[in-house]
1. Of the residues Pro71, Pro46, only one is within 15 Å of the ligand (Cβ to nearest atom) and farther than 21 Å from Leu157 by Cβ; which?
2. For Ala173, indicate whether it is small (Gly, Ala, Ser), within 16 Å of the ligand (Cβ to nearest atom), closer than 20 Å to Gln37 by Cβ and touching a residue at least 40 places away in the same chain (Cβ under 8 Å).
3. For the stretch 158-170, indicate whether the set of residues that are free of Cβ contacts under 8 Å to residues at least 12 places away in the same chain, surrounded by fewer than 22 Cβ atoms within 10 Å (Cβ to Cβ) and within 15 Å of the ligand (Cβ to nearest atom) is non-empty.
4. Which residue is surrounded by the fewest Cβ atoms within 10 Å (Cβ to Cβ), if the candidates are limited to the stretch 85-103 and must be in a helix (DSSP H, G or I), within 16 Å of the ligand (Cβ to nearest atom) and of a type in the set (A, V, I, L, M, F, W, C)?
5. I need every pair where a residue in the stretch 181-198 that is more than 16 Å from Val106 (Cα to Cα) has its Cβ under 6 Å from the Cβ of a residue that is surrounded by 16 or more Cβ atoms within 10 Å (Cβ to Cβ) and at pLDDT 95 or above, sequence separation at least 6 or different chains.
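The values are calculated or read from the model by the stated rules, or taken from the named source; none is laboratory data. Remember, it's a predicted structure, so these values are computed and weren't measured experimentally. In this analysis, Cβ positions are derived from the backbone assuming ideal geometry, glycine residues included, and neighbour counts consider all displayed protein chains.
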Amino acid sequence: MSLSPDSFETREAIIAACLELNRSGVNQGTSGNISVQVDGGFLITPSGVPYAQMTPELIVRLPLDDSPPEPGQMKPSTEWPFHRAILNAKPEMHAVVHAHPVYCSVLAMSHRPIPACHYMVAAFGGTDVPLADYALFGSQALSDNITRAMADRTGCLMANHGAVVCGETLDKAMWRMRELETLAQAYVASLSIGTPRLLSDAEMAEVLAGFAEYGPGRARG
Ligand SMILES: [Zn+2]
């Protein structure tokens, strides 16, 4: 998958995705943040700017290494360290979406990862959606905990915080975030009526084998 250019359109797409997060109820306020890798760096939402007031020039461009960012930009989201860490750890993933979806947060507050309670767990790359250990927002420790939890996954819950997913494209990352919150909602509801029956490792292996190409994207010609 080729990288998006740092263009007006890419920046507009990030803003549209932020607005979509809140419109769909997956996030509220400015707690969510989004990044997209571009040539020579990545674009990320600015810190604390209401999405409705965000304009393409307010999106911040950061390097993928420790070199200093271009001066004169807005402050990036405080969560930029884990966005950068995920993009660096997963070269095939070009977008990261973080939010505080209610049902993901409910599970994250109880330190409960999502087990193989539904086949859509496979959309996150394995037999569960793991939980990253708690660490202070914006900290290097949080970034380390997330990259550890997501070593072989495309999403995780974040203890006492929320959720983060990545995608080959921004569309795919947004799809994963919506699916994760739906999954969390169904899992929480299932716990309220008893104990969900989990899929076996063999059943999940079968799903995972068919899942490599699942989700939005162009058909292979
Ligand atoms: Zn957060």
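1. Exactly one residue qualifies, and that residue is Pro46.
2. Yes: the conditions hold for Ala173.
3. no
4. Val102
5. Pro196/Cys117; Leu198/Ala116; Leu198/Cys117
Listed here are the residues, each with its yes/no results for (1) within 13 Å of the ligand (Cβ to nearest atom); (2) in contact with a strand residue (DSSP E or B) (Cβ under 9 Å, 6 or more places away or on another chain); (3) closer than 17 Å to Thr169 by Cβ.
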site: Ala13; (1), (2), (3): no, yes, yes
site: Ala17; (1), (2), (3): no, yes, yes
site: Ser31; (1), (2), (3): yes, yes, no
site: Tyr51; (1), (2), (3): no, no, no
site: Met54; (1), (2), (3): no, yes, no
site: Glu57; (1), (2), (3): no, no, no
site: Arg61; (1), (2), (3): no, yes, no
site: Leu64; (1), (2), (3): no, yes, no
